[in-house]
Structures are given as C-alpha cells and as structure tokens.
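Remarks on the structure that follows.
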Amino acid sequence: MESHGVSDLRFAETATNLFSFLQQSGFAELEVLPTLVRYGNGSVEVHVYHGHRSFEIGVEIEFRGTSYALSEVIRSRDPAIAEALRNPIASTEEGVLMGLRTMSSLLQTYGAPAYSGSSLFFEGLERQRESWFENYADDTLASQVRPKAEEAFRRGDYSRAAALYGRIRSRLTPAELKKLSLAEKRRSDRSD
C-alpha cells in the first residue's frame, strides 16, 4: 500500500466513528481536524491524535489541564498491559483503521474511571506518576552508579565500592548485596 501524509488517511472520519461511544457517555465533539479529534465533558477531555511526523496514533485524557497518556490510565488497572502497550504507528488508511480500533478498544476497556471525571481516580494517577518518576530516577541512578561501584570493587577500593553500592542499595541484586557487605567488612578491617 502506498504511504500518504497523515492528513489524507481518513483519520478524523475513522476516529469519530470508532470513538462515538464517548458521545454516549456524555462527551461532545469539541474539535475535529485531519489529525486530531477532541471530545469534552465537564473537566475531562479526550484527545485522539495522529502524529504529523511520527505517524503515532495516541489517546490522551486531560483532567483540569493535566494530560495523561492512555498507558497511564491502563497502568492503574493492569500494569502488565500498560507495560506492553506501544502506540500504533500508521502511514496507511488500513493502518489508521487498525490503530484506532486498538486504541478505542483499550479506552473502552480501561478508561471509564478516567472519562467519568472521578477526582479520586486522577489523584491516584498523580500518585502513580510521581511513583513512576521516582522509580525511573532510582533506576537511572543505579545504571550510572553500578559500573563505578563494580570497578571500585574490582580495584580493591572497598571504601569507594561500599559508598557507591550504598547509594543504590534498593536496586542491588543479591550478588551486589554480597559485594556491598564484603566491601563494608573490608573497609572496616582496613580502618582498624
């Protein structure tokens, strides 16, 4: 099939058909553009989009000015599904149809608490987002510190190895916890 620009793939028409269930839930179409369809109901908006450059099809839910990706909404109910989710990439009409079907189905299955506008649900999403960012920051720190700690341990610089491993204690493997314990013991043996 021939590839097209995103604006001539019948995205808006297909999206309005596949997301019509939102209108049955009290949403109104706020905007229909060649690559964006927006629905609104009170303090909640649902944005269905097709990226101009990325060709990515996505759904975001906005609550009181804060946007949440569909994957965040799904993560609150089924983390495994959210982890596996990748927004579809589509550069053909058929791809757009398939991608929108997938996203519509996911929103219908997992999105009701979000598009119902529950403040408690969105407060939970905020806490989940903060936790995810903290975990991401800890994972990033661990990936940066781990090689330095391993190198210090290999060189026999146990004081440095213990300090570095100690910074990422919550991310250590069982083998690394043993190295930390050994480095702390050897560090204290040398200071005696």
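The values are calculated or read from the model by the stated rules, or taken from the named source; none is laboratory data. Quantities reported herein were computed from a predicted structural model and do not represent experimental measurements. Ideal geometry is used to build each Cβ from the backbone, glycine not excepted, and the neighbour counts take in all protein chains shown.
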For ALA142, work out the one condition from (1) small (Gly, Ala, Ser); (2) out of contact with any Lys or Arg (no Cβ under 6 Å at 6 or more places or on another chain); (3) in contact (Cβ under 8 Å) with a residue 24 or more places away in the chain it doesn't fulfil. (2)
Among the listed residues GLU31, GLU45, identify the single one that is modelled with pLDDT of 95 or more, exposed (fewer than 15 other Cβ atoms within 10 Å of the Cβ) and either in the same structural domain as GLY65 (by TED's automatic domain parsing) or not acidic (Asp, Glu) (or both). GLU31
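If you check ALA175, ALA163, ALA137, which single one turns out to be surrounded by 12 or more Cβ atoms within 10 Å (Cβ to Cβ), at negative phi and outside the structural domain of GLY26 (by TED's automatic domain parsing)?
The match here is ALA163.
Listed here are the residues, each with its yes/no results for (1) in a helix (DSSP H, G or I); (2) closer than 21 Å to ALA84 by Cα; (3) over 32 Å from the mean Cα position of the chain (by Cα).
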{"position": "LEU120", "(1), (2), (3)": "yes, no, no"}
{"position": "LEU125", "(1), (2), (3)": "yes, yes, no"}
{"position": "ASN135", "(1), (2), (3)": "yes, yes, no"}
{"position": "ALA149", "(1), (2), (3)": "yes, no, no"}
{"position": "ARG154", "(1), (2), (3)": "yes, no, yes"}
{"position": "ALA175", "(1), (2), (3)": "yes, no, no"}
{"position": "LEU180", "(1), (2), (3)": "yes, no, yes"}
{"position": "ARG187", "(1), (2), (3)": "yes, no, yes"}
Screening VAL145, VAL96 for residues that are of a type in the set (Val, Ile, Thr), out of contact with any Cys (no Cβ under 9 Å at 6 or more places or on another chain) and closer than 17 Å to ASN17 by Cβ leaves only VAL96
List the pairs whose first member sits in the stretch 87-101 and is part of a loop (DSSP other than H, G, I, E, B) and surrounded by fewer than 18 Cβ atoms within 10 Å (Cβ to Cβ), whose second member is at pLDDT 95 or above and aliphatic (A, V, I, L, M), and whose Cβ atoms are under 9 Å apart, counting only residues at least 6 apart or on separate chains? none
